[in-house]
1. Take Asp68 and tell me if it is open to solvent by less than 70 Å² (accessible area, probe 1.4 Å), among the acidic types (Asp, Glu) and assigned to a helix (DSSP H, G or I).
2. What residue, among those in the stretch 27-49 that are loosely packed, with under 10 Cβ neighbours inside 10 Å and either within 9 Å of the chain's Cα centre (by Cα) or of a type outside the set (D, E, K, R) (or both), is nearest to Tyr73 (Cα to Cα)?
Amino acid sequence: MPRDRKKPGVAFWATVALVVVVMYPLSMGPAWWMCHKMRLPGGVVVVIDCVYEPIWWAAWNGPEWFRDLAKGYLHWWTSGA
């Protein structure tokens, strides 16, 4: 007899939202730092570029406030702060 699986609850969806809305964009800074400050193999840089392509696109083609925010955040990561 098959068991009924519970549907994902509020806690699950809150965790998913936290990762997608907060953690993914914030992880762009360390990724940017690794690409510019470490000697990574070319294949790793290509993968990082692919993973963050939606954010790169939004940062360079989105509203000016978002562009300024993204550039400031990336500059903070690469300026040695």
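The values are calculated or read from the model by the stated rules, or taken from the named source; none is laboratory data. Bear in mind the structure is a predicted one, so any value in this text is a computation, not a measurement. Glycine also receives a Cβ, built like all others from the backbone with ideal geometry; neighbour counts cover every protein chain displayed. For the accessible areas, the whole protein counts, side chains as well, though only heavy atoms, and no ligand, DNA or RNA atoms are used. Shrake-Rupley method; radii C 1.70, N 1.55, O 1.52, S 1.80 Å.
1. Taking the combined requirement at face value, the residue does not satisfy it.
2. Checking each candidate, the answer is Met38.
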